[in-house]
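Laboratory data are not the source of any read-out in this text; all were calculated from the coordinates shown. All values reported here derive from a predicted model rather than from experimental measurement. Note that each Cβ is placed from the backbone with ideal geometry, even for glycine, and that neighbours are counted across all protein chains shown.
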């Protein structure tokens, strides 16, 4: 499996607090069958994103854990006005490795109606937006059909694996399952922060998806699609999403 969203670098954001924890997280990921982990530190008003410095941390962590797990660098990119201007000027700065894919986190407090235009502008600069954990966003959780529209637009939708196993509560699980059943989920990721609660485990979510949608879809969300992302390839699984009204449960 390939995990495109994790906070395994120590002391750079709200994730790992030490090198010991980072190494333990990597070992836990390997034990779960993860072979490639993308370190995605936050870039927002609280956490400054220094690409060269963060890459040096990735390189050091790789030297500590050795070949069982391949590491690469991405970013948990908060879509603010200032960040948008910077990524439009420097589209490679926040990407996963040397690919065109970039994680984008939307605010829990405001998701503008015209935000689809931002994804279009990013696309014009060669950036493919991966919208992270919309099922956990309180605004999008109540109107997930907007997420379906972004998938229709060509955005990649990443759901947190533990959302499907109930860690974030029933409302989050239900929203995640609704997106899954409407063919608007392309990748599962751990969004791991530690070794106790928000852990680097994907197999449980893969099994949950298999029960809902079958083994083929489950494999695509944790293997084929994220493997394509880290190598900069088109996603092999990208079904046309099903448009419907969430509130009426269709």
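Worth pointing out:
- Cβ-derived FRET efficiency at R0 22 Å, residue 48 paired with residue 88, nearest 0.05: 0.70
- The slack between residue 64 and residue 19, meaning 0.36 nm per residue of separation minus the straight C-alpha distance, is 15.3 nm.
- For peptides 221-230, 105-114, 149-158, sequence by mean Cβ density within 10 Å, most packed first: 221-230, 149-158, 105-114
- Calculated FRET efficiency, residue 125 to residue 80, Cβ-Cβ distance, R0 = 25 Å: about 0.90 to the nearest 0.05.
- Candidates 89, 210, 192: whichever shows maximal mean-square fluctuation once the chain is modelled as a Gaussian network with Cα springs under 10 Å: 89
- Exposure proxy shown here: for 231, 217, the number of other Cβ atoms within 10 Å sets the order, fewest to most, as 231, 217.
- Cα centroid of the range 17-89 to Cα centroid of the range 182-250, whole Å: 20 Å
- Helix-derived mean residue ellipticity, 222 nm - over the chain, DSSP H n ≥ 4, -39500 (n - 2.57), to 500: -11000 deg cm²/dmol
- Backbone N atoms of the range 169-186 closer than 20 Å to the 7 Å Cα→Cβ label point of residue 149 belong to residues 175-176, 178-186.
- Contour excess over end-to-end distance, with Cα ends at residue 240 and residue 207 and 0.36 nm allotted per residue: 9.6 nm
- Normalised by the number of residues in the chain, the average gap of Cα pairs under 8 Å and 6 or more apart makes the relative contact order 20 percent.
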